[in-house]
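The values are calculated or read from the model by the stated rules, or taken from the named source; none is laboratory data. Remember, it's a predicted structure, so these values are computed and weren't measured experimentally. Cβ placement follows ideal geometry from the backbone for every residue including glycine, while neighbour counts extend to all protein chains displayed. These accessible areas exclude ligands, DNA and RNA; they are computed on the full protein's heavy atoms, side chains included. Shrake-Rupley method; radii C 1.70, N 1.55, O 1.52, S 1.80 Å.
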Amino acid sequence: MIELKGGLILGKSSPKKEVSFIYEKGEINYIDYSSFYIYKFLKLKDIALDKGEFFVDNIKIYPTEDEEKTLFFLAVNSIIKVDLCFVVDKKDKKEKVQFVQEQLLELKNFPVNTENDKNLKIAAIFDKIAAISPSYLLVDLNDEANGTSIELMNQLNKYKDVLTIVVLSQKPKVVKEEKPIVEDEEIEVIDLEIGEERPMLYESDYRDSKDENLVVYGLKKNGFFKALGETLKTNIMVFLAFIIPAIGVIAFSLLSPLYAKTSNAILLIPFIITIIVCFGLYMLMTYKCANFGSYKSKEENRKRIIFFIINCVTTAIGYGLGFLIYFLFKKFDVDIKGMPGNNVGIILSIVMSVVLVTANLYIYPVIHPLINRIKRNR
């Protein structure tokens, strides 16, 4: 059973109104394509639920009531494509994922040479799905593999009393081609190819219902320092991008107090504008990259620590380059050349650098709820 009571789903394709629904066993629950946002929500692709209550198998998922339970998804991509959602105890999640994977991989050697072979394999897939008993099953008839399969519909009807089945209806055909509804973010799921070899899946190959982070972390059964190195290697350009605004903030924070004492004090205006723009850019980048989840999650805390360490290094590089620019100005600009000391500038630059490197601890938790509130009130 799936139930949403008075939910306000935030997303580009979602209406700004409360939505309620109940999907149960006993029938195939169809979602009209005009309500595509509901299907995305059930896939946790449109997960910003701002209000309401969401239940799966009578367990309250939102607002979180049972800290011991969690959701995970598994995508079965074979001659048909379906998504399975499971509600499990957090302590048993890894074992459950491995068990489900092993059960479905038993079908990889099924022949698919003839139409009859394909139908037998689809039937075998559903036999396995029924045996592993997901909380609910999602089917998108807009996928070419699903939309043309008669056997898929036969199996859905066969198991509608055993499984909670939700099906997204086909998009109405129109003469003028319309762009599909797409979101910026995508949920990461276990992508299980039945019939093909696939490496083992680890905990970082799936996740709970959190916003997708732009930074990819190398946590797959790696020690901390190896994960740190792989994360830096994978996202080197992302972290290097933080250096540029850091240089702007630091360099002009150092220079501004000196130029305030000269006849060219008018230069403070572009200096201050540069500081504000660079500071805002740094905070925006932090917001996009540091959207971590609960402090109770060991994996999210590892990500938080890795991001903080690498960001400290890149910001320190930005500080060093900003200080170099300051040194060159002080050495060659006649207006400030030879000026004694700059305690105000140095203290200001240190304070700003501390604000920058700690931004990942507060910018997302503060700004994200504010944006949701603004969206809700629009």
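Observations
- At R0 = 45 Å, FRET efficiency that the Cβ-Cβ distance of Ile266 and Tyr33 yields, to 0.05: 0.15
- Shape parameters for segment 219-378, alpha-carbon atoms, Rg then Dmax in Å: 18.5, 60
- Within the shell of other residues whose beta carbon sits under 12 angstrom from the beta carbon of Lys25, the net charge comes to -3, with Lys and Arg scored +1 and Asp and Glu -1.
- Label sites at Glu53 and Lys96, each approximated as a point 7 angstrom past Cα along Cα to Cβ, lie 2.1 nm apart.
- Subset of Lys173/Lys288; Lys93/Lys298; Lys69/Lys226; Lys12/Lys43; Lys45/Lys171 violating a 25 Å alpha-carbon distance limit: Lys173/Lys288; Lys69/Lys226
- Ile59 sits with roughly 40 Å² accessible to a 1.4 Å probe, with DNA, RNA and ligands left out of the calculation.
- Here the extension length gained between Ala241 and Gln170 equals 21.3 nm, from 0.36 nm per residue of separation less the Cα-Cα distance.
- Label-to-label distance, nm, for residues given as Thr358 and Phe224 (7 Å Cα→Cβ offset): 2.1
- For the pair Phe308 and Gln103, a Förster radius of 56 Å applied to the C-beta separation gives a FRET efficiency near 0.90, rounded to the nearest 0.05.
- Projected-area mean, segment 245-339, by convex hull of Cα positions, square nanometres: 6.7
- Of all accessible heavy-atom area on segment 24-160, the percent that carbon and sulfur account for (1.4 Å): 45
- Between segment 323-366 and segment 65-98, the Cα center-to-center distance that results, in Å: 49
- Cα gyration tensor category, rounded, prolate or oblate, for segment 1-145 with a/c compared to 1.5: oblate
- Carbon plus sulfur fraction of accessible area for segment 264-320, probe 1.4 Å, in percent: 79
- Neighbour cut-off at most 15 other Cβ (10 Å), DSSP loop, trypsin sites (Lys or Arg not before Pro), segment 15-105: Lys16, Lys17, Lys25
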